[in-house]
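K.L.:
Following this message is one structure expressed as structure tokens.
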Amino acid sequence: MKTKRLSSLLICAALLLTLLPPVALAAVVTVPGGTVSSLDQAVLDAALGTGNWEWSATATTDDTVKLKADLTLAAELVVATDMILDLNGHVLSGAVGTYGNEDVPALSVSSGYTLTLLDSVGAGGITGGNGGDYSGGDGVAVYGTMNMLGGSVTGGSGGYAFGGDGVAVYGTMNMLGGSVTGGSGGSGGYGILLYLSNPSASIGPDAVISGGDGSLQGGAGAYGKSGSICNSGSISGGADAASALGSGVLLEPACSLNNDGEITGRYGVNGNGNTVCVYSDKATGDGITGTISQTGGAITLDTSTDRPSLSAAVFADFGSADLGYDAIQAQTVTVGYESNLLAPVQITPSSSALFSVSSTASDLIGQYGYILPGSESLSYLVAPDTGLAAGSYALRFSDSMSQTVQTSSFSVAGPFITLHTDGISGGASNWVYYGEYDATNDSIDNPTPILWRVLDADAGNATGTGDSLSDGSNPVDNEDAMFLLAEDILASYVDFDSNGLSNAWQGSDAQSWCINLYSNHFDPVEQAAVAATTKTDAATDVFSSAVLSGDPLFFLSAEEAANPSYGFLLDQDRIASLLSSASTPYLWWLRSPLGSPGDSVGAVDETGNIFTEVFGDGVNDDGSVGDGTMDSHEGVRPAFNLNQNAVLFASAAAGGKSAAGMESGLTTVLTGTSMAWKLTLLDTGRSFDVSETAATLTPGDTVTLHYTGATVYDGATAPSEYISAMIVKSDGNILYYGRIAQPTGTNGTVNISIPSGLAEGNYSLKVFSEQYNGDYETDYASAFSAVDLTVNPAFSVSVTHYTITATAGAGGSISPSGRASVAYGNDKTYAIVAEEGYKIEDVLVDGVSVGAVSGYTFENVKKAHTITASFTKAIVNPFTDVTADDWFYENVLYVYENGLMKGTGGGMFAPNSTLTRGMFVAILYRMSGDTGSYTNTFSDVPSGAWYENSAAWAYENDITGGIGNDLFGPGIAITREQLAVMLYRYAQYMGYDVSVGEDTNILSYNDAFDISDYAYSALQWACGSGIINGDDNGNLNPQSSATRAEAAAMLQRFIEIAIS
């Protein structure tokens, strides 16, 4: 009897994938099947046939059954015990049914038991029985638990009927690898089917699930009738041969989907086949929805067939081919900001239709699928995670001729303050206030903010070859601009050319009017944010080319005024009224000339029509007469390109920065569907900064920041000056904004209270000097000074904070730098990085050196600290025969940098050459710092030799006694034991501790008896200190000559070990 070892099942299964060898394939064998109630050999033989299986070869488990042949089951194989099944490259097939195998699996896992499925060889699988002309059998039915590590499971073929499901899940399925596919048929089988009481399926990132292919309709990759699906892998619908391809996932109301993987719907010849789908109950007509949570991954739609390109979305599946919906019940819905809510919109049946989402300006954003007529109703899910920006939109149903049948609206809420211009949309769906103008007398006496329509939020109009934008001194990329048009006609009775002699834009009265508006009605900071435009318009069949040459403001061209992407879909979209009389439509100039030279220029009339006749009084498209000559007094509606690089952040024109509480501290940023915005521009004349770069605290704490360069509030000339702040999430969403204080000095401190509702996490606290001018008015601010904000969980007791001040000298940096506020008991880590050509010289913590470390952590902070990093220029390797790969590279650079050894000339160090006795005593003499003169007594040391004083010094201080007979041997290569003796005696001379060698046993070296008697103590010390090491063969080589590289290594070790 085989025993169960549950705790080791998955570990052993994983080991099998690498431990088991491949086996040869055998012929297909028909076996009885039936119930496996235990891992008894007789029971397994009865079900699988003698000789068709074996126990695994591993010594860690006896629970693994490994197939030895391809098997066809005469009856369902019921697993009623815990078991690991290794397919081992073989196929286990269900029985072929004469009248079909619907709901009959090849293998089932009984309730209360676990099957772990793997395939140690590859190409192994389980296949449901072939149903002939009827429905195919399921591959596996799971009433207990199945852990799938590999192999494949496929539903049986269904002929003209339904293909079998790959896996029918009634219990729990954990799929870590392998593939599951629905069976082919008239309608393809589901990849996985979740059914009955609360089943669950978890699909890992290496798992692949597909619906079965169908001659009429492909099967869904997954069909959840109840329970939950958690997907991190790949799920896709099946293909078809005629009409409808499979949905990626099909949900009924009792089933939920959490998707972090890839889901692909297959789009059919006659429609159908969606991505993630909501199932409608055909029998009752109830509009029912499952729950969808999109946490990552991607949901896409395969558009490879000849249909319109569809957008990826979470949207409705309308069931069978006789169901469909057309009209939308009149209602307005709002979907929430950051919450990924799914808001229902009720739709009711009519004729075949295309369902789409458009902005209120009528530009098509996405088509979401074709539906067919029926009698039921359904709640369509509008999902903000489809990428729609905050704003208002229209839901439309169109028939096959794309004629709108019925429209409903919905809105996407967003924050009222966004970094840069992130919340602003183009296509005439959003507006921006900028500059001021008094329309009553063209003066600046009683100005009001000018409202501009956003034609393009993502690019300017410099789209042609040779077109360009500039901020006055530097080019501006067209993609960094925003194209704006005055919403109203600012002035009437303006001549294009009062002399009526030229229709060229350059030098015209119209150009002068725009320059005057720019110069006198824009603040200097606003002027700096305008991108001067250079553009040559392409000539058309009607209009000649117009030229802009560094123009800050200008009129639209005829082509721009007809561009649908700018929101000009119909004539009515061009209608504008006088600013001084909002209810009165008026004519307005374009810059496009009619003929060149000529006496007429393009214009737009009261009905939105563009003038197209060249001479005299212009004739409109509809036959009405309008005055289009240049000395006509028509209206001006200027346009310009805004440099978005100059925009710090945008806010709702009303209520964005004026919400209650924002005037005195950080306040929650409101959300909504703002269509009109005001801007806060970067004022390059401000030099505000705070010295702190990081702070760790809890909600409700107060952080104190030291600032410099604030613009001082004086109540008169600068009544609207503030130090302001905002808290920004890592994804760029602004959570809080507020004006903290009105500074009375250029430099000082400011206390910022952290909101008590701020969640634990990491944020950026952006602090800046700001001139706040109220709703609708442009504001001006310094660049952000950012403080990395770490928010810990709130506690009921108060927490003391301490300041750590970090500074770095020239040649490198420390991060974070400046002052950091750290809560009592917390840790704070710093990174020290040297610039190219420098290295870390030292790091001082509270004034005490911790060495040339590249990082340091203050642990359990209970007081204020300082950390200072210093840097020094890194030595550049001057030697051509020493490379970074050499074992002695660092040693050579060390002795060279410290002046102990030099090269041998010609950029060479000669690392493998020997070192002479004369060279070494000169090195020791330099190390000693002695500058005295000594009398030479050696006969072989010439007077005036470069090593004369060094040799005499070494002799007089008992560092060397020479080689006998009054000889020193300066040119003789120094041996390793001689070098050790000189270092040993030098250490004694300098007063260093040499006791470490007293207990060192060096007799273990193979050549220990080659050591001279006088050198034994010195080598004990050198080996015990780690200054000299033996070779790989266990030899010390005391009589071998020391190379220059070896000497460099011994010297560095001596200094770092013996001296330090």
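K.L.:
Could you list all residues from the stretch 540-586 that are closer than 30 Å to P447 by Cα, at pLDDT 85 or above, among the hydroxyl-bearing types (S, T, Y) and in a loop (DSSP other than H, G, I, E, B)?
P.N.:
Hits for the stretch 540-586 are S557, Y586.
K.L.:
Going through the stretch 528-570 one residue at a time, which ones are surrounded by fewer than 20 Cβ atoms within 10 Å (Cβ to Cβ) and either under 38 Å from the mean Cα position of the chain (by Cα) or closer than 20 Å to A486 by Cα (or both)?
P.N.:
A528, T534, G550, E559, A562, N563, P564, S565, L569, L570, listed by residue number.
K.L.:
Enumerate the pairs (first residue in the stretch 752-768 and on the phi < 0 side of the Ramachandran plot and among the small types (G, A, S); second residue anywhere and surrounded by fewer than 22 Cβ atoms within 10 Å (Cβ to Cβ) and assigned to a loop (DSSP other than H, G, I, E, B)) with beta-carbon separation below 6 Å, excluding pairs fewer than 6 apart on the same chain, so at least 6 apart or on different chains.
P.N.:
That search, which allows pairs on different chains as well, returns S753/G665; S756/P699; S756/G700.
K.L.:
Okay, next question. Residue check: is G238 touching a strand residue (DSSP E or B) at 6+ places or on another chain (Cβ under 8 Å) and either buried (at least 24 other Cβ atoms within 10 Å of the Cβ) or modelled with pLDDT under 85 (or both)?
P.N.:
yes
K.L.:
Determine whether A884 is in a loop (DSSP other than H, G, I, E, B), aliphatic (A, V, I, L, M), without any contact (Cβ under 8 Å) to a residue 60 or more places away in the chain and not assigned by TED's automatic domain parsing to the domain that holds A806.
P.N.:
yes
K.L.:
Within the stretch 916-939, track down each residue that is touching a residue at least 12 places away in the same chain (Cβ under 8 Å) and more than 22 Å from T904 (Cβ to Cβ).
P.N.:
S928, D930, G932, S933, Y934, T935, N936, T937, F938, S939
Condition check ((1) modelled with pLDDT of 90 or more; (2) among the small types (G, A, S); (3) touching a Phe, Trp or Tyr at 6+ places or on another chain (Cβ under 8 Å)) across all residues:
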{"site": "G899", "(1), (2), (3)": "no, yes, no"}
{"site": "F909", "(1), (2), (3)": "yes, no, yes"}
{"site": "F920", "(1), (2), (3)": "yes, no, no"}
{"site": "I923", "(1), (2), (3)": "yes, no, no"}
{"site": "T931", "(1), (2), (3)": "no, no, no"}
{"site": "T935", "(1), (2), (3)": "yes, no, no"}
{"site": "V941", "(1), (2), (3)": "yes, no, yes"}
{"site": "A954", "(1), (2), (3)": "yes, yes, yes"}
{"site": "D958", "(1), (2), (3)": "yes, no, yes"}
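K.L.:
Now a separate question. Out of the stretch 587-600, which residues are part of a loop (DSSP other than H, G, I, E, B) and among the polar types (S, T, N, Q)?
P.N.:
The answer is S596, and nothing else.
K.L.:
On the basis of being within 30 Å of S943 (Cα to Cα) and either assigned by TED's automatic domain parsing to the domain that holds N898 or at pLDDT 90 or above (or both), does R1053 make the cut?
P.N.:
Answer is no for this residue.
K.L.:
In this structure, does G227 turn out to be farther than 20 Å from A141 by Cβ and either charged (D, E, K, R) or assigned to a strand (DSSP E or B) (or both)?
P.N.:
no
K.L.:
Okay, moving on. Residue under question is G246, and the condition is that it be surrounded by fewer than 24 Cβ atoms within 10 Å (Cβ to Cβ), modelled with pLDDT under 75 and in a loop (DSSP other than H, G, I, E, B); does it hold?
P.N.:
No.
K.L.:
Something else about it: Quick check on this structure: which one of S950, S939, S870 is in contact with a Leu (Cβ under 9 Å, 6 or more places away or on another chain) and in a strand (DSSP E or B)?
P.N.:
It is S870.
K.L.:
With the requirement that a residue be within 24 Å of A539 (Cα to Cα) and among the polar types (S, T, N, Q), what does the stretch 501-518 give you?
P.N.:
Residues satisfying the conditions are S502, N503, Q506, S508, Q511, S512.
K.L.:
With the requirement that a residue be more than 22 Å from A945 (Cα to Cα) and of a type in the set (A, V, I, L, M, F, W, C), what does the stretch 887-909 give you?
P.N.:
W887, F888, V892, L893, V895, M908 - these are the residues of the stretch 887-909 that are more than 22 Å from A945 (Cα to Cα) and of a type in the set (A, V, I, L, M, F, W, C).
K.L.:
If you don't mind, another one. Working only within the stretch 910-936, note down all residues that are farther than 24 Å from Q1039 by Cα and either outside the structural domain of G991 (by TED's automatic domain parsing) or part of a loop (DSSP other than H, G, I, E, B) (or both).
P.N.:
Answer for the stretch 910-936, where residues must be farther than 24 Å from Q1039 by Cα and either outside the structural domain of G991 (by TED's automatic domain parsing) or part of a loop (DSSP other than H, G, I, E, B) (or both): G929, D930, T931, G932, S933, Y934, T935, N936.
K.L.:
Something else about it: So which residues in the stretch 474-503 are over 23 Å from H521 (Cβ atoms), of a type in the set (S, T, N, Q) and assigned to a loop (DSSP other than H, G, I, E, B), if there are any at all?
P.N.:
N474, N499, S502, N503
K.L.:
Among strands (runs of 3 or more DSSP E) lying entirely in the stretch 162-224, which contain 3 or more residues that are assigned by TED's automatic domain parsing to the domain that holds A239 and either among the hydrophobic types (A, V, I, L, M, F, W, C) or more than 34 Å from the chain's Cα centre (by Cα) (or both)?
P.N.:
Result: 167-169, 185-187, 192-194, 214-217.
K.L.:
State all residues of the stretch 140-157 that are part of a loop (DSSP other than H, G, I, E, B) and either of a type in the set (K, R) or within 19 Å of V91 (Cα to Cα) (or both); if no residue qualifies, say none.
P.N.:
L149, G150, G151, G155, G156, S157
K.L.:
So, in the stretch 715-766, exactly how many residues are not charged (D, E, K, R) and not in a loop (DSSP other than H, G, I, E, B)?
P.N.:
Final tally of qualifying residues: 26.
K.L.:
Just give me the residues in the stretch 1011-1060 being β-branched (V, I, T) and buried (at least 20 other Cβ atoms within 10 Å of the Cβ), in sequence order.
P.N.:
I1011, I1027, I1028 - these are the residues of the stretch 1011-1060 that are β-branched (V, I, T) and buried (at least 20 other Cβ atoms within 10 Å of the Cβ).
K.L.:
Kindly provide the set of residues from the stretch 1017-1053 that are charged (D, E, K, R) and either assigned to a loop (DSSP other than H, G, I, E, B) or closer than 16 Å to D1007 by Cα (or both), ordered by number.
P.N.:
Answer for the stretch 1017-1053, where residues must be charged (D, E, K, R) and either assigned to a loop (DSSP other than H, G, I, E, B) or closer than 16 Å to D1007 by Cα (or both): D1031, D1032.
K.L.:
Right, another one. Can you find, within the stretch 1000-1016, the residue that is farthest from Q978 (Cα to Cα) among those that are of a type in the set (A, V, I, L, M, F, W, C) and not in a helix (DSSP H, G or I)?
P.N.:
Within the stretch 1000-1016, the match that is farthest from Q978 (Cα to Cα) is L1003.
K.L.:
Restricting attention to the stretch 739-759, and to residues there that are over 21 Å from S821 (Cα atoms) and not hydroxyl-bearing (S, T, Y), which single residue is modelled with the highest pLDDT?
P.N.:
Per the stated criteria, the residue is R739.
K.L.:
Let me ask another. Any residue in the stretch 169-185 that is in contact with a Leu (Cβ under 9 Å, 6 or more places away or on another chain), free of Cβ contacts under 8 Å to residues at least 60 places away in the same chain and surrounded by fewer than 19 Cβ atoms within 10 Å (Cβ to Cβ)?
P.N.:
Yes, the conditions are met somewhere in the stretch 169-185.
The values are calculated or read from the model by the stated rules, or taken from the named source; none is laboratory data. Keep in mind that what you see is a predicted model, and the values were worked out from it rather than measured. Neighbour counts run over all protein chains shown; Cβ positions are idealised from the backbone, glycine included.
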